[in-house]
1. Within region 163-184, which residues are hydrophobic (A, V, I, L, M, F, W, C) and either touching a His at 6+ places or on another chain (Cβ under 7 Å) or more than 20 Å from Thr207 (Cβ to Cβ) (or both)?
2. Within the bounds of region 148-159, is there any residue that is among the polar types (S, T, N, Q) and surrounded by 14 or more Cβ atoms within 10 Å (Cβ to Cβ)?
3. Can you tell me which residue is nearest to Gly158 (Cα to Cα) among those in region 186-228 that are basic (Lys, Arg) and out of contact with any Leu (no Cβ under 8 Å at 6 or more places or on another chain)?
4. Which of the residues that make up region 125-135 are under 19 Å from Gly172 (Cα atoms) and surrounded by fewer than 16 Cβ atoms within 10 Å (Cβ to Cβ)?
5. If we keep just the residues of region 132-174 that are of a type in the set (Asp, Glu) and in a strand (DSSP E or B), which is farthest from Lys109 (Cα to Cα)?
6. From the list Leu93, Leu49, which residue is at pLDDT 95 or above, under 27 Å from Ser20 (Cα atoms) and aliphatic (A, V, I, L, M)?
7. Any idea how many residues of region 178-228 are of a type in the set (Gly, Ala, Ser), assigned to a strand (DSSP E or B) and free of Cβ contacts under 8 Å to residues at least 12 places away in the same chain?
8. Looking only at region 25-65, how many residues end up being touching a Ser or Thr at 6+ places or on another chain (Cβ under 7 Å) and of a type in the set (A, V, I, L, M, F, W, C)?
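The values are calculated or read from the model by the stated rules, or taken from the named source; none is laboratory data. Model, not experiment: these values are computed from the prediction. For neighbour counting, all protein chains shown are included, and Cβ atoms are generated from backbone atoms with ideal geometry for every residue, glycine included.
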Amino acid sequence: MRNVIATLLTIMVLTNSANSQVSITNGDGSTYIGETRDGIYNGQGTLTLPNGEKYIGQFSDGKKNGHGTETYPSGSNYVGDFRDGYTSGQGTLTFADGTKYVGEFGYGKSNGHGTMTFADGTKYVGEFVSDEFKGHGTMIFADGTKYVGEFRDGVFNGHGALSMPDGTKYVGEFRDGVFNGHGSYTWANGNSYIGMYRDGKRNGQGTMTYIDGRKLVGEWKDSELISK
């Protein structure tokens, strides 16, 4: 008799501790089909929200945890890691227009190192903070223009190098996407300017050197030499 009772108790413990397959419709209209433990989402499951957002993947303690796929009403799609309900870890986010981000996520946003490829072919490889380009990165535009350097607020900020398809090149300081500070600009024909920039133009002290050896040294304003 004791052996029978012990066996029954063991079966009950195993049954209670194991995940069970359920179908749940919540008060907010969302539905869950999958595994639960003690009435909480645990294991593999599918959660569909009233707005059409759908998650298929792993759950733990009632939250998306582990690997999964999430489809958004906008047509975007995420495949990768989740932590405590957020996209966190390594993943791929594909937008409805074909733009794709592959890299690190944290707290539901691109955070860390990643690659963003836009629908027109423009590509950014580098650091992200809260969905913005921030830190060191490389951007190659669809026309072949290439920037390597520092980003902030999603644009060129800090020191960098910008190379154009025709061979023109600028190396120096940027602010809000334009030349600002000290820099060196070399034209495709070999002429060059080394000096100060402001608002994308030669402003301040600088030297223009031509391929025939001539030099213009002095103060510049809006890309015009005003004093030698």
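1. Within region 163-184, Met164, Phe174, Val178 qualify.
2. yes
3. Arg198
4. Gly135, the sole residue that qualifies.
5. Per the criteria, the residue is Glu173.
6. Leu49
7. Total satisfying the criteria: 1.
8. Residues in region 25-65 being touching a Ser or Thr at 6+ places or on another chain (Cβ under 7 Å) and of a type in the set (A, V, I, L, M, F, W, C): 4 in total.
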